[in-house]
Amino acid sequence: MEFVHPLRSSGITRQAYYQNNWEGISTTLEEDLIIQQVKEIRKNHRRMGTRKLYEMLQPFILDHQIKIGRDALFNMLSANHLLVRKRKRRIQTTNSYHWLRKYPNLIREFVPTAPNLLWVSDITYWKINTGEHLYISFITDAYSHKIVGYQVAETMEAIESIKALQMALSALGAESLMNLIHHSDRGIQYCSHAYVKLLQDYNVKISMTENGDPLENAVAERVNGIIKDEYLETYDIDNIKDAKGVLKAVVDLYNSERPHMSISNFTTNSIHHSKTIIKTEKLWKNYYRKQTTIVNPIQD
């Protein structure tokens with residue numbers, strides 16, 4: 001349903017409203033509209049932070065001729081108890097103490113300049129209502145931050161990570177894999193013969209972290225945190241079947257609607273599927289060096 005500004009519905013022009021010293025009433029009405037819209041956005045993006053909300057609110061704010069800055073929005077959300085508190089919990093999902101071959105880190109000085117040049121992979125956990133943990137394998141394009149493959153399972157067996165990789169590979173043609181690097185930690189899943197063979201069959205270069213520093217796989221770590229903190233932890237899940245449905249919906253929201261500061265508040269889909277790249281100011285954050293690249297893909 002289309003929102004109608006209270007000033008319009010009452011037949012009072014904005015100019016007349018302010019000329020009659022009704023600014024306080026106007027502000028209250030506008031705040032109510034913004035809070036209502038924030039709650040509407042959070043029906044799907046349940047733990048989205050203020051910066052992302054501010055970007056998603058822009059069309060609404062412009063359409064209703066509301067003037068509000070990000071700091072004012074922060075204060076408004078705080079006053080209405082709508083700020084999101086970050087949660088810090090971690091379960092070990094990486095077993096790198098094994099005899100399988102480990103590969104060197106190929107991306108220390110590498111900066112992806114287009115999609116499908118660097119994929120990063122990681123596994124995270126999801127605690128459901130039964131007290132059990134499910135395990136999610138993600139594959140993310142480091143340039144666009146789009147999740148290109150995923151799989152949720154009741155175990156951390158290599159076959160589950162392979163399913164995420166198969167999903168990612170199935171969306172590409174052979175020409176898209178010519179220069180692709182797959183980067184992960186040294187977990188036994190990624191070093192398994194079956195996982196390595198699938199990468200080699202597609203001529204994908206293999207790269208792995210060389211120590212426990214999260215910065216060696218920062219994009220993957222960041223995506224894990226976003227999906228869990230902003231989305232998954234807000235759902236009540238009792239079984240793997242429901243988990244699969246929720247994860248699919250969440251990945252679709254993440255890829256198609258959520259703005260990302262590291263890509264100038266574009267969505268991952270708009271960057272990943274763009275055919276035009278225009279170099280402008282420093283927008284894309286490089287997680288592998290202490291500097292930024294200069295790219296600004298524009299959606300068709």
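Structure values in brief
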item	result
Cβ-based exposure ranking for 109, 40, in which fewest neighbours within 10 Å come first	109, 40
Phi-based couplings in Hz for the stretch 69-74 (Karplus 6.51, -1.76, 1.60; Gly and Pro marked x)	x, 5, 5, 5, 5, 4
Convex hull of the stretch 96-191 built on C-alpha atoms - directionally averaged projected area, nm²	7.1
At R0 = 22 Å, FRET efficiency that the Cβ-Cβ distance of residue 159 and residue 239 yields, to 0.05	0.65
Linear extension gain, residue 70 paired with residue 32, 0.36 nm per residue minus alpha-carbon span	12.1 nm
Efficiency of FRET from Cβ geometry, residue 249 and residue 82, R₀ 35 Å, rounded to 0.05	0.95
Cα principal axis extents for the stretch 127-265, largest first, Å	41, 37, 32
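Since every read-out is calculated from the coordinates, none of them should be taken as a lab result. Note that the structure is a prediction, hence the values are computed from the model and not measured. Ideal geometry is used to build each Cβ from the backbone, glycine not excepted, and the neighbour counts take in all protein chains shown.
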